[in-house]
Amino acid sequence: MRTGILIVGAMLLWLFPGAPAAHAGDKPTGAEVGVIDGWTTLVPGIRHLHRRTREPLSAHVLVVDLRAPGVVVEVTPHAQRWMKPSQYGRASGAVATVNGGFWSVFDQKAEGLVMHGGTRWPGASDDEFYGFFGIDKQGRGVISVPSRVVRKVGHLREAISGRQLILAGGRVTREAHCADGCRYRQPRTAVGVSADGHTVFLAVVDGRQAHSRGISLANLARLLAGLGADQVINLDGGGSAALYLATKKGLVNRPADRREREVLNHIGVFWRPTRAQLAALRAKQRATRGSASPARMAYGGDTTVLQVPPAPSTAGVPTGLQRFWQLHWREALSPRNLLLASPLVLGLLLLGVWGVRRRRR
């Protein structure tokens, strides 16, 4: 009897082998089976997490320590709007950039509050429909709920609009379960802050693809809560969801449209240590890991991140009508829309012919 059980057990192990081994440097973490976390320190104070699960899911999270020397979080200047996240990252000298907030479909203007360097974008203001993520003048991250309208913004240095507050006080909110697509697995972008405002969490999750089906807003809130976030607000996701890293010289995620979109604005993470701070970091590095500087270790010798970024340029920024056409020309010229429009086109053609004949009489 025991022999038979052993034979059956051996056959089951042969037919159903265990989970594949994790990649080098990765290790399963947490109680969930099949979760693989890969952590990378980009520069001191900025860490990147790539989480993969068997769902399948591919999620990227930047954990940014605002107290680290030289670490700064900024929102796009108005003059640098409508860039791809990678274009903005290269133009500004950012360590990392993600796509940002929402805009109106018809005039292509920012919805809600958007600020850069203490100055509001033209026509941008907080309202009861959009909340925002911001950096105050003390250098702390803050999140304002959509239901609270902030009129006086003198305490803010940076701000970008968000839609649903999906985590509050470390707990998933009702808004995370909204009927407007929140419960479905989709590509997502979100930003969170710790309870003390000293840590910012930027998340980009792939979706609508074989390697990653996406995530619901509630599960995204839980993911960031597990990393230490206290509040999280949803940003513009879908086909716009993108994360650029200077260390990779491009995107680290795969956009749902298989191409990187131009987006109205972005959140950029910068490393700009002073000479004194850089000297202190180098001294600490020598004492712990050798003589290589932090910048050299993170960027393989490329220290362009420490240079002053080029001045913003308005060259190539499309108008509202141009941007609307860029975003929707594929839909406008789809076979279905062309078929629906054919009776109208035929009617106008016949009307034109009738008018010409009548004029000749």
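The values are calculated or read from the model by the stated rules, or taken from the named source; none is laboratory data. Only a predicted model underlies this, so the values are computations on that prediction, with no experimental measurement involved. Quick reminder, even Gly has a Cβ in these numbers, built from the backbone with ideal geometry, and neighbours come from all protein chains shown.
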(request) Inspect the stretch 325-332 for any residue being in a helix (DSSP H, G or I), within 30 Å of TRP103 (Cα to Cα), modelled with pLDDT under 80 and of a type in the set (A, V, I, L, M) and give the result as yes or no. (result) yes
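Per-residue answers, yes or no, for (1) touching a Phe, Trp or Tyr at 6+ places or on another chain (Cβ under 8 Å); (2) of a type in the set (A, V, I, L, M):
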| residue | (1), (2) |
| --- | --- |
| TYR184 | no, no |
| ARG188 | no, no |
| HIS198 | no, no |
| SER216 | yes, no |
| ALA225 | no, yes |
| GLY228 | yes, no |
| GLN231 | no, no |
| GLY239 | no, no |
| LYS249 | no, no |
(request) Kindly establish whether LEU202 is touching a Phe, Trp or Tyr at 6+ places or on another chain (Cβ under 6 Å) and either surrounded by 18 or more Cβ atoms within 10 Å (Cβ to Cβ) or within 24 Å of LYS84 (Cα to Cα) (or both). (result) no
(request) Scan ARG54, ARG47 and give me the residue that is out of contact with any helix residue (DSSP H, G or I) (no Cβ under 9 Å at 6 or more places or on another chain) and closer than 13 Å to TRP271 by Cα. (result) ARG47
(request) For the stretch 257-277, enumerate the residues that are part of a loop (DSSP other than H, G, I, E, B), touching a Leu at 6+ places or on another chain (Cβ under 8 Å) and either over 23 Å from SER212 (Cβ atoms) or of a type in the set (S, T, N, Q) (or both). (result) ARG272, PRO273
(request) Determine which single condition ARG254 fails, assuming it passes every other condition in (1) over 16 Å from HIS60 (Cβ atoms); (2) touching a residue at least 24 places away in the same chain (Cβ under 8 Å); (3) not in a helix (DSSP H, G or I). (result) (1)
(message) Please go through the stretch 229-250 and give me each residue that is more than 11 Å from the chain's Cα centre (by Cα) and touching a residue at least 60 places away in the same chain (Cβ under 8 Å), ordered by number.
(response) ALA229, ASP230, GLN231, VAL232, ILE233, LEU245, ALA246, THR247, GLY250
(request) Could you run through the stretch 82-116 and say how many residues are under 18 Å from VAL200 (Cα atoms) and surrounded by fewer than 17 Cβ atoms within 10 Å (Cβ to Cβ)? (result) 0
(message) Tell me the residue from ALA190, ALA179 that is touching a residue at least 40 places away in the same chain (Cβ under 8 Å) and either at positive phi or not β-branched (Val, Ile, Thr) (or both), please.
(response) ALA190
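Being crowded, with 22+ Cβ neighbours inside 10 Å, farther than 17 Å from PRO187 by Cα and among the polar types (S, T, N, Q) is the requirement here; does THR76 meet it? Before the answer, list the steps.
Working: crowded, with 22+ Cβ neighbours inside 10 Å: yes; farther than 17 Å from PRO187 by Cα: yes; among the polar types (S, T, N, Q): yes.
Here the answer is yes, as THR76 does meet what is asked.
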(message) Of all residues being surrounded by fewer than 16 Cβ atoms within 10 Å (Cβ to Cβ) and among the small types (Gly, Ala, Ser) in the stretch 171-195, which is farthest from SER240 (Cα to Cα)? Just the residue, please.
(response) ALA195
(request) Output the number of residues of the stretch 138-166 satisfying the condition of being out of contact with any strand residue (DSSP E or B) (no Cβ under 6 Å at 6 or more places or on another chain) and acidic (Asp, Glu). (result) 0
(request) List every residue pair whose Cβ atoms sit under 6 Å apart, with the two residues 6 or more apart in sequence or on different chains, where the first one lies in the stretch 91-108 and is part of a helix (DSSP H, G or I) and the second, anywhere, is among the small types (Gly, Ala, Ser). (result) SER92/GLY268
(request) Identify the residue in the stretch 45-71 that is touching a Lys or Arg at 6+ places or on another chain (Cβ under 6 Å) and in a strand (DSSP E or B) and, among all such residues, is nearest to LYS137 (Cα to Cα). (result) VAL63
(request) Could you please let me know if TYR88 is touching a residue at least 60 places away in the same chain (Cβ under 8 Å) and in contact with a strand residue (DSSP E or B) (Cβ under 7 Å, 6 or more places away or on another chain)? (result) yes
(message) Given the condition in the same structural domain as HIS177 (by TED's automatic domain parsing) and touching a Cys at 6+ places or on another chain (Cβ under 7 Å), answer yes or no: does some residue in the stretch 211-227 qualify?
(response) yes
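So, of the residues in the stretch 110-125 that are under 17 Å from GLU74 (Cβ atoms) and in a loop (DSSP other than H, G, I, E, B), which turns out to be farthest from the chain's Cα centre (by Cα)?
Residues of the stretch 110-125 under 17 Å from GLU74 (Cβ atoms): 110, 113-121, 124.
Those left that are additionally in a loop (DSSP other than H, G, I, E, B): 113-114, 117-118, 121, 124.
Values: LEU113: 18, VAL114: 16, GLY117: 20, GLY118: 22, TRP121: 20, ALA124: 21 Å.
Residue satisfying both the conditions and the ranking: GLY118.
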(message) Condition check: under 25 Å from ARG140 (Cα atoms) and modelled with pLDDT of 90 or more. Does GLY268 satisfy that?
(response) yes
(message) Filter the stretch 226-252 down to the residues that are crowded, with 21+ Cβ neighbours inside 10 Å and among the small types (Gly, Ala, Ser) and list them by number.
(response) ALA229, GLY237, SER240, ALA241, ALA242, ALA246
(request) Would you mention how many residues in the stretch 185-220 are in contact with a helix residue (DSSP H, G or I) (Cβ under 9 Å, 6 or more places away or on another chain) and part of a loop (DSSP other than H, G, I, E, B)? (result) 5
